[in-house]
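These notes are about the structure you will find just below.
The values are calculated or read from the model by the stated rules, or taken from the named source; none is laboratory data. In this text the structure is predicted, and so the values were computed from the model without any measurement. We place every Cβ from the backbone using ideal geometry, glycine too, and count neighbours over all the protein chains shown. Calculation scope for accessible area: heavy atoms of the full protein, side chains included, ligands and nucleic acids excluded. Shrake-Rupley method; radii C 1.70, N 1.55, O 1.52, S 1.80 Å.
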Amino acid sequence: MIKLLAVILVCISIILNSTARADYALGCNDPEYHQYIKERFAHFETNNRRSLANTLRDYERSLATSKHPFQVIGDLSRHLKYSAQFEPINEVNAKINRIFEHANKLSVGQQIAGDVFDSFSSEKHSVGIARAWIAYRQGKHELAFEELLKSIDISGSAVLSSFGPDLELIRHIYRDGHLAPVVAYINKTEEFWTGRRPDGLRYVWLEMIKVECKVQFDFVDTIKALELGISVIDVNKDYGLSR
């Protein structure tokens, strides 16, 4: 009886949310929403190109001045995810190789310390995402999707479990119509990205994908889903999420 009541309350919440918030008259097919998404993608690209330059500067600075090899490797790995989107593929491959060159120069003690702290999972994730971008840009989609999932074959990652995985590539391939690898990627993040916030984000994204709605894979989707009239729970209220 209690379980039945809980189900009824959830259904009522969904109905109320979907009817109370329908700011786009045509829902996911509303031209105004499509224009909004187009502008958001332009915004993302502008930010990513800015980050490409900024992260390269950070890497070059740490390479020249830092006494901490972990910082050099970390800065290059952060740059790599942006490099893979825009720079010539031979340059991206050279930067991937450079990460391993830096890693090979670590002392045994430093390698052990890196394994203990985070198993270099953030760096491995960046390399995996870069390889997926390279394959995708070359039209090798199945290889790209394999590399995408391999990039989150991780465990015990302090950074990724807190801040989540890269979402830029799935944003791109979903826009191109590839739903299955995006769903697989989102579902697999449950293995390490846990908590109310990621649970809420995954829930909203998967519900939007079910109705074939355009998704930006950003926190604001939790608001837009309601404005579009999609039958979803208001996770910001019911899950207690915040930006």
In the range 62-89, which residues are open to solvent by 50 Å² or more (accessible area, probe 1.4 Å), farther than 16 Å from ILE129 by Cα and part of a helix (DSSP H, G or I)?
LEU63, ALA64, THR65, PHE70, GLN71
I'd like the full set of residues that are out of contact with any helix residue (DSSP H, G or I) (no Cβ under 8 Å at 6 or more places or on another chain) and at pLDDT 85 or above, limited to the range 63-103.
ALA64, THR65, PRO88, ASN90, ALA94, ASN97, PHE100, GLU101
If ARG40 passes every condition in (1) open to solvent by 50 Å² or more (accessible area, probe 1.4 Å); (2) under 17 Å from GLY128 (Cβ atoms); (3) not acidic (Asp, Glu) but one, which one does it miss?
(2)
Can ALA113 be described as modelled with pLDDT of 70 or more, in a helix (DSSP H, G or I) and either of a type in the set (A, V, I, L, M, F, W, C) or surrounded by fewer than 20 Cβ atoms within 10 Å (Cβ to Cβ) (or both)?
no
Kindly list, by first and then second residue, each pair from a residue in the range 193-218 that is among the aromatic types (Phe, Trp, Tyr) to a residue that is part of a loop (DSSP other than H, G, I, E, B), limited to pairs with Cβ atoms under 8 Å and residues at least 6 apart or on different chains.
TRP193/GLY164; TRP193/PRO165; TYR203/VAL232; TYR203/ILE233; TRP205/VAL215; TRP205/PHE217; PHE217/LEU167
Looking at the range 217-239, which of its residues are in a loop (DSSP other than H, G, I, E, B) and within 23 Å of SER161 (Cβ to Cβ)?
PHE217, ASP218, PHE219, VAL220, TYR239
Lone unmet requirement of (1) in a helix (DSSP H, G or I); (2) out of contact with any Cys (no Cβ under 7 Å at 6 or more places or on another chain); (3) farther than 23 Å from ASP166 by Cα; (4) open to solvent by 20 Å² or more (accessible area, probe 1.4 Å) for ASP58:
(3)
Name the residue, out of SER155, SER161, that is more than 15 Å from ALA84 (Cβ to Cβ) and either touching a strand residue (DSSP E or B) at 6+ places or on another chain (Cβ under 6 Å) or part of a helix (DSSP H, G or I) (or both).
SER161
Given (1) in a helix (DSSP H, G or I); (2) at pLDDT 85 or above, TYR24 misses just (1)
Hey, does the range 47-54 have a residue that's touching a Cys at 6+ places or on another chain (Cβ under 9 Å), assigned to a helix (DSSP H, G or I) and open to solvent by less than 50 Å² (accessible area, probe 1.4 Å)?
no
Collect the residues in the range 119-152 that are on the phi > 0 side of the Ramachandran plot and crowded, with 21+ Cβ neighbours inside 10 Å, keeping them in residue-number order.
PHE120
Out of GLY128, GLY139, which single residue is outside any helix (DSSP H, G or I) and at pLDDT 95 or above?
GLY139
